[in-house]
Amino acid sequence: MNNVSGSLHSKVHRWIDTIGFRLNGSQTNFKDNVTTNHYFFETFNFFEKAKNNDPKNSKFLCFDAYGESIKVNTLLDLQAAFFENISQL
């Protein structure tokens with residue numbers, strides 16, 4: 001199952017590099033050793049949390065057009081939320 005998580009991490013990062021997302025900010029909680037990265041493109045934002053800087057432990061969270069949070073389990077979850085958000089412009 002760890003390969004799925006690592007694979008999701010690499011797929012998401014290849015996709016955001018292709019689209020042109022920018023890293024808006026990064027915060028590290030040294031107590032829990034968790035880094036939170038905030039990425040954005042136009043009006044779409046999403047977050048990546050990684051424990052111990054390990055891609056296998058990365059979790060992604062984004063928001064739909066109505067502001068509801070969506071846990072990203074697949075690249076398709078992220079893409080669907082992104083294109084729905086962009087289509088609202």
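The values are calculated or read from the model by the stated rules, or taken from the named source; none is laboratory data. Everything quoted here is computed from the prediction, not taken from an experiment. Glycine also receives a Cβ, built like all others from the backbone with ideal geometry; neighbour counts cover every protein chain displayed. When the accessible area is computed, the model is the full protein with side chains, heavy atoms only, and any ligands, DNA or RNA have been set aside. Shrake-Rupley method; radii C 1.70, N 1.55, O 1.52, S 1.80 Å.
Hey, does region 23-32 have a residue that's surrounded by 13 or more Cβ atoms within 10 Å (Cβ to Cβ) and more than 23 Å from GLU68 (Cβ to Cβ)? Scanning region 23-32 turns up at least one residue that is surrounded by 13 or more Cβ atoms within 10 Å (Cβ to Cβ) and more than 23 Å from GLU68 (Cβ to Cβ). Please give the number of the condition TYR66 fails out of (1) open to solvent by less than 80 Å² (accessible area, probe 1.4 Å); (2) in a loop (DSSP other than H, G, I, E, B). All conditions are met except number (1).
Close contacts from region 1-17, counting a first residue that is farther than 14 Å from ASN53 by Cα and a second that is aromatic (Phe, Trp, Tyr) and modelled with pLDDT of 55 or more, with Cβ to Cβ under 8 Å and a gap of 6+ residues or different chains, come to LEU8/PHE60; VAL12/PHE60; ILE16/TYR39; ILE16/PHE41.
When THR28, THR18 are checked against the criterion of being of a type in the set (Val, Ile, Thr) and part of a strand (DSSP E or B), a single residue qualifies: THR28. Taken together, PHE82, PHE60 contain a single residue that is open to solvent by less than 30 Å² (accessible area, probe 1.4 Å) and in contact with a Cys (Cβ under 8 Å, 6 or more places away or on another chain), which is PHE82.
Test ASN45 against the stated conditions and say whether it is without any contact (Cβ under 8 Å) to a residue 24 or more places away in the chain, part of a loop (DSSP other than H, G, I, E, B) and open to solvent by 30 Å² or more (accessible area, probe 1.4 Å). So ASN45 does not fit the description; no.
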